[in-house]
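To start, the structure itself, in structure tokens.
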Amino acid sequence: MWTDVTRLRWRDLWLPSRLNWWIGVVFAVGAFLFALGAFASLFPVATGYWALGSEQINLIFFIGSVPFTTAAWLQLMQSANAGGLSTSGEVNTKRFRLFGWYPADAGWLSCALQFAGTLLFNINTFNALLPSANWLAQDLSIWLPDMFGSVFFLASGYLAFVETCHRHWAWMPHLLSWRITFVNLLGCIFFMVSAVCSFVPLRPMNFDTTAASLLFTLLGALAFFVGALLLLPEASSDAASAD
């Protein structure tokens, strides 16, 4: 997996004519910002030079959610225009679709759930910028969108994995597409654990759930970052096949 990242060639780093390249780059930006926000929260001493407070860190998370949503929409648009079935059963690719509607298609459904999840992350991270409220208000405005967004992400990641494997589970590390969906699925699992740990209880718990949530956010963001980078050699392979 890491071999594909380290073997990126210069031509892999600049393929603006390929949609997969844009998806990979934009996802990488969002994942990097999420990782930065989590790292700054977990290790404030390491980022002390920039004097990042909680407001600045929350802003980093919100800014990071925007490229997540942008890349998720690009993937949804790509899936919607890959060719749907007409009423006669023939493939129809003549009409451009911004979103499409193919709930019976695992690939499209995965992209749609991912896009919905990113919208909830937009809400979650934006609400975190608002003045602190009591525990119930935090759970309703911050934790609940995070939880549902993570559920959508997990369902999306598993559907993408199933579509790649053509079965519920398979071990195919020799395939680049499998490595991409596998590492993204890990990221979805980490985000799900992070969301569970971010619940704000009525009374403080003995276990530091905030640190656990941030740790799994960091791990999930790093997994998504690797998955995004792996899209670059895939875009290069697509370009070479097209040539």
Quiz item: Out of the residues in the stretch 211-243 that are of a type in the set (Ser, Thr, Tyr) and modelled with pLDDT under 90, which is least open to solvent (accessible area, probe 1.4 Å)?
Solution: SER236
Exercise. Hey, can you tell me all the residues within the stretch 198-210 that are surrounded by fewer than 22 Cβ atoms within 10 Å (Cβ to Cβ) and either part of a helix (DSSP H, G or I) or polar (S, T, N, Q) (or both)?
Key: ASN206, THR209, THR210
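Residues checked against (1) assigned to a helix (DSSP H, G or I); (2) free of Cβ contacts under 8 Å to residues at least 40 places away in the same chain:
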| residue | (1), (2) |
| --- | --- |
| THR164 | yes, yes |
| ALA170 | no, yes |
| TRP178 | yes, yes |
| VAL196 | yes, no |
| ALA212 | yes, yes |
| LEU232 | yes, no |
Self-check item: Condition broken by VAL66, with the remaining ones in (1) open to solvent by 30 Å² or more (accessible area, probe 1.4 Å); (2) at pLDDT below 95 satisfied
Solution: (2)
Quiz prompt | Tally of residues being modelled with pLDDT under 90, over 30 Å from ASN58 (Cα atoms) and open to solvent by less than 60 Å² (accessible area, probe 1.4 Å) across the stretch 97-138 | solution = 2
Quiz item: If only one of ALA221, ALA160, ALA211 is over 15 Å from PHE34 (Cβ atoms), in contact with a Gly (Cβ under 9 Å, 6 or more places away or on another chain) and aliphatic (A, V, I, L, M), which one is it?
Solution: ALA160
Exercise. Tell me which of these ARG167 doesn't satisfy, since it passes every other one: (1) at pLDDT 90 or above; (2) in contact with a Leu (Cβ under 9 Å, 6 or more places away or on another chain); (3) open to solvent by 30 Å² or more (accessible area, probe 1.4 Å).
Key: (2)
Exercise. Report, by residue number, each residue of the stretch 144-164 that is open to solvent by less than 50 Å² (accessible area, probe 1.4 Å) and of a type in the set (A, V, I, L, M, F, W, C).
Key: MET147, PHE153, ALA155, LEU159, ALA160, PHE161, VAL162
Self-check item: Which numbered condition ALA51 fails, given (1) modelled with pLDDT under 80; (2) in contact with a helix residue (DSSP H, G or I) (Cβ under 7 Å, 6 or more places away or on another chain); (3) farther than 19 Å from THR181 by Cα
Solution: (2)
Quiz item: Any chance the stretch 172-180 includes a residue that's under 14 Å from the mean Cα position of the chain (by Cα) and under 22 Å from GLY117 (Cα atoms)?
Solution: yes
Quiz item: Any idea which of PHE43, PHE32 is modelled with pLDDT of 95 or more and not polar (S, T, N, Q)?
Solution: PHE32
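The values are calculated or read from the model by the stated rules, or taken from the named source; none is laboratory data. Predicted model, so just to flag it, every value in this text is computed and none were measured. We place every Cβ from the backbone using ideal geometry, glycine too, and count neighbours over all the protein chains shown. In case anyone asks, the SASA skips ligands and DNA or RNA and just uses the protein heavy atoms, side chains included. Shrake-Rupley method; radii C 1.70, N 1.55, O 1.52, S 1.80 Å.
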